[in-house]
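Notes to accompany the following structure.
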Amino acid sequence: MLAALALAAAGCGSSRHDYKIPPQPAPSGETALSGKKGATIGEVAYTAIGLHTRLGEVIGSHGSWVPHGQYVRVRILMVNHGRERHDFDPGRQLLVTADGKTYGPSTDAMQISRGVSGTQTLASQELRAFDLWFDVPKNATIRALRVFGDASSSKLADQLKGAKVAGAKNPVDLPLK
């Protein structure tokens, strides 16, 4: 639904306005992170919008799996403000704990939950939200989601030079606590 709203607005002229997207129910046990600030890498804005920690199992239509420690699920929202497509690789993202250690997504949990897999392409002006699952130690305190994004530019002059968006920091940490 979110993607359809973004695509419908892409051809609406040059007037600037904000969407009034209806609130979406958070999955059971998830904490909505509506007050958290996002970050931009290149032309794509990233915001962590949901967090669920201390999950003891992932259950899917075809199986279930227990973590080595605890599962943590982070819901991320991405908005492509550029004119070109931008790629996002869910497998490169890292969960950062309070002790500074990082953890990649759990392949088991992502597959069982029927989460996204492989490189995701965001169309021009598209917005998309999905979950990333991580298996971290049972007593770990979650600090941030480290996002690795696409810092490329839609400007023709930048594309001809192979330049990134000026000042684009990549990766960025999105605070979760």
Checklist entry - Can you tell me which residue in region 83-129 is farthest from T141 (Cα to Cα), limited to those that are among the basic types (K, R) and loosely packed, with under 14 Cβ neighbours inside 10 Å? => result R83
Checklist entry - Counting only residues that are among the aliphatic types (A, V, I, L, M) and either surrounded by fewer than 18 Cβ atoms within 10 Å (Cβ to Cβ) or farther than 21 Å from Y103 by Cβ (or both), how many does region 39-70 have? => result 4
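Coordinate-derived values only; no laboratory data. Every value quoted in this text rests on a predicted model; they were computed, and no experiment measured them. Every residue, glycine among them, receives a Cβ derived from its backbone with ideal geometry; neighbour counts consider all protein chains shown.
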